[in-house]
Amino acid sequence: MRGAAPVRWHALTRGREVLLTAGALCAVILVVTAILAVALPQPEREEAERGLPQLAGAHEIGLGVAVAVDPLTHDPDYQSVVTDNYTSVTAENAMKWEHVQPERYQFDWNGPDAVVDFAEHHGLDVHGHTLLWHNQQPSWLARGDWDTGELREVMREHMEALLGRYQGRITSWDVINEPFEDHGPRPRENLWYQVLGEDYIAEALSMAHEIDPAAKLYINEFGIEGGGAKTDAMYSLVTDLLDRGVPLHGIGFQGHFVHGNVPRDLAEHMRRFSDLGLEVTVSELDVRIPEPPREQALRQQEQEYQHVVQACLEVPRCMSVSVWGVSDQHSWIPEWFPGYTAALPFDEDYEPKPALDGMVEALSRRP
Ligand code: 9MR
């Protein structure tokens, strides 16, 4: 158990104080250093001197965040949260089909390039999201009267464009997103399933591997974090794919959790897949709280974030934990789940929340 630390390290290292004059900043640093020196016991002082990315690095895991292009390219506070706290980014929307290829053969690289350029400039990794998904498809694609040959061609064009453009720069991809029904073990009958049949998953993975043999290829899904029929269905799918030699390298456990309902046995379910030799990640973590988010709920959310990061640390081949948005201001939750809020480690003003401490606490244990 962590003692009541009188100084929250991240509150001191965040970038919002840039408006202070240089003199004031120096004074603040001196005062803070003095406080740290006297107020924190030695190990916590050592942690305070290391950032979240370094703590994650010591455990050889990544910490990722989903980013939106506009604030990433225009808002210095947003940029600071990303660069100070995370080691990788995922484009929340910019690499999805409707944005990348809104009309057939017409590719818009502005958003994806901005994300990849930002990441490279700041030494961050990029996880590619996503190639085949039933949502956010442009209307020309979704209209659904394709024959198998044509749709295969469309799939190849899109994959060659994305995987080809970022080959060597994006080293892991969600090739398949959400292949099961929302609340059950049945395959989702998306466009690909309807036209190409159930084996579209193997076909897509093989095609992606042919185009970029070095990329780590993932299936990304929600509702598999706590076990049950959907988790078992995913397990059957991936064991079958691996038995057949299909190039599959990882499973993303999205991790869109409700406060009070984060699975205690998350590590156990991730380990099942890791034991198959697959990489696993928590790919889209958020923990939504019913409005209004009271202090006690935020404190419990701290434990929930700690628990999820700890679960990743316990599982061999758990590569990273990524949160689904930079701050509560940018989270998809209030729009999609009215009455819920405050799901991320930074609040609407970019101030760190207890949830961030939860991640620090998990990562501060000795590797
Ligand atoms: O966060 C994304 C939100 O901005 C979009 O409106 C939404 C459209 O469906 O997609 C959200 O991201 C999803 C992700 O791509 C896949 N897993 C579920 C995420 C939340 O819906």
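The values are calculated or read from the model by the stated rules, or taken from the named source; none is laboratory data. Since this is a predicted model, take the numbers as computed values, not measurements. Neighbour counts run over all protein chains shown; Cβ positions are idealised from the backbone, glycine included. Keep in mind that these areas ignore ligands, DNA and RNA; they rest on the heavy atoms of the full protein, side chains included. Shrake-Rupley method; radii C 1.70, N 1.55, O 1.52, S 1.80 Å.
Checking T281 against (1) of a type in the set (S, T, N, Q); (2) surrounded by fewer than 24 Cβ atoms within 10 Å (Cβ to Cβ); (3) in contact (Cβ under 8 Å) with a residue 24 or more places away in the chain, which test does it fail?
Only one criterion is unmet by T281, namely (2).
A quick yes/no check of all residues on (1) within 15 Å of the ligand (Cβ to nearest atom); (2) under 21 Å from D77 (Cα atoms); (3) open to solvent by 40 Å² or more (accessible area, probe 1.4 Å); (4) without any contact (Cβ under 8 Å) to a residue 60 or more places away in the chain:
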| position | (1), (2), (3), (4) |
| --- | --- |
| V287 | yes, no, no, no |
| Q296 | no, no, yes, yes |
| P354 | no, yes, no, yes |
| V360 | no, yes, no, no |
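Tally time: how many residues in the range 252-274 are among the aliphatic types (A, V, I, L, M) and either over 30 Å from A297 (Cβ atoms) or touching a residue at least 60 places away in the same chain (Cβ under 8 Å) (or both)?
Looking only at that region, the number is 1.
Of all residues in the range 123-148 being outside any loop (DSSP other than H, G, I, E, B) and without any contact (Cβ under 8 Å) to a residue 40 or more places away in the chain, which is most open to solvent (accessible area, probe 1.4 Å)?
S139
Do we find that I170 is at pLDDT 95 or above, within 27 Å of M270 (Cβ to Cβ), open to solvent by less than 10 Å² (accessible area, probe 1.4 Å) and in contact with a Gly (Cβ under 7 Å, 6 or more places away or on another chain) in this structure? If you could, list the steps in order and put the result at the bottom.
Values: at pLDDT 95 or above: yes; within 27 Å of M270 (Cβ to Cβ): yes; open to solvent by less than 10 Å² (accessible area, probe 1.4 Å): yes; in contact with a Gly (Cβ under 7 Å, 6 or more places away or on another chain): yes.
When the stated conditions are applied, I170 passes them.
Suppose we filter the range 88-103 for residues that are under 18 Å from I170 (Cα atoms) and open to solvent by 30 Å² or more (accessible area, probe 1.4 Å); how many remain?
2
Would a scan of the range 341-356 turn up a residue that is under 20 Å from H249 (Cβ atoms) and in contact with a Phe, Trp or Tyr (Cβ under 9 Å, 6 or more places away or on another chain)?
Taking the range 341-356 first, the residues under 20 Å from H249 (Cβ atoms) are none.
Checked against the condition, which is being under 20 Å from H249 (Cβ atoms) and in contact with a Phe, Trp or Tyr (Cβ under 9 Å, 6 or more places away or on another chain), the range 341-356 yields no hits at all.
Go through (1) open to solvent by 40 Å² or more (accessible area, probe 1.4 Å); (2) out of contact with any Gly (no Cβ under 7 Å at 6 or more places or on another chain); (3) farther than 25 Å from W140 by Cα and name the single condition D84 misses.
If we test D84 against (1) open to solvent by 40 Å² or more (accessible area, probe 1.4 Å); (2) out of contact with any Gly (no Cβ under 7 Å at 6 or more places or on another chain); (3) farther than 25 Å from W140 by Cα, just (2) comes out false.
Conditions (1) within 27 Å of Q167 (Cα to Cα); (2) buried (at least 21 other Cβ atoms within 10 Å of the Cβ), marked per residue:
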residue: Y200; (1), (2): yes, yes
residue: A215; (1), (2): yes, yes
residue: Y218; (1), (2): yes, yes
residue: G228; (1), (2): no, no
residue: R244; (1), (2): yes, no
residue: F253; (1), (2): yes, yes
residue: V258; (1), (2): no, no
residue: V262; (1), (2): no, yes
residue: D265; (1), (2): no, no
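Would you call E120 part of a helix (DSSP H, G or I), surrounded by fewer than 20 Cβ atoms within 10 Å (Cβ to Cβ) and within 16 Å of the ligand (Cβ to nearest atom)?
The answer is no for E120.
Does L151 fit the bill of being within 16 Å of the ligand (Cβ to nearest atom), assigned to a helix (DSSP H, G or I) and out of contact with any strand residue (DSSP E or B) (no Cβ under 9 Å at 6 or more places or on another chain)?
Answer is no for this residue.
Say whether the condition of being at pLDDT 95 or above and open to solvent by 60 Å² or more (accessible area, probe 1.4 Å) is met by at least one residue in the range 306-314.
Quick first cut of the range 306-314, residues at pLDDT 95 or above only: 306-314.
Okay, now just the ones that are also open to solvent by 60 Å² or more (accessible area, probe 1.4 Å), so 314.
Yes - at least one qualifying residue is present in the range 306-314.
Output the residues belonging to the range 192-208 that are under 13 Å from L131 (Cα atoms) and of a type in the set (A, V, I, L, M).
I201, A204, L205, M207, A208 - these are the residues of the range 192-208 that are under 13 Å from L131 (Cα atoms) and of a type in the set (A, V, I, L, M).
Scan the range 174-187 for residues that are within 22 Å of the chain's Cα centre (by Cα) and either open to solvent by 20 Å² or more (accessible area, probe 1.4 Å) or not hydrophobic (A, V, I, L, M, F, W, C) (or both) and jot them down.
D174, N177, E178, P179, E181, D182, H183 - these are the residues of the range 174-187 that are within 22 Å of the chain's Cα centre (by Cα) and either open to solvent by 20 Å² or more (accessible area, probe 1.4 Å) or not hydrophobic (A, V, I, L, M, F, W, C) (or both).
Give S206, S274 a once-over and let me know the one that is at pLDDT 95 or above, closer than 16 Å to V321 by Cα and of a type in the set (S, T, Y).
Numbers: S206 fails: closer than 16 Å to V321 by Cα.
Being at pLDDT 95 or above, closer than 16 Å to V321 by Cα and of a type in the set (S, T, Y) holds for just one of S206, S274, which is S274.
Touching a strand residue (DSSP E or B) at 6+ places or on another chain (Cβ under 7 Å) and surrounded by fewer than 22 Cβ atoms within 10 Å (Cβ to Cβ): is that true of R317 in this structure?
Against the criterion (touching a strand residue (DSSP E or B) at 6+ places or on another chain (Cβ under 7 Å) and surrounded by fewer than 22 Cβ atoms within 10 Å (Cβ to Cβ)), R317 qualifies.
So which residues in the range 88-140 are aliphatic (A, V, I, L, M) and either on the phi > 0 side of the Ramachandran plot or out of contact with any Leu (no Cβ under 6 Å at 6 or more places or on another chain) (or both), if there are any at all?
First pass over the range 88-140, keeping only residues aliphatic (A, V, I, L, M): 89, 91, 94-95, 100, 114-116, 119, 124, 126, 131-132.
Hits for the range 88-140 are A91, A94, M95, V100, A114, V115, V116, A119, L124, V126, L131, L132.
Could you tell me whether any residue of the range 327-340 is open to solvent by 10 Å² or more (accessible area, probe 1.4 Å), away from the ligand (no atom under 16 Å from the Cβ) and at positive phi?
yes
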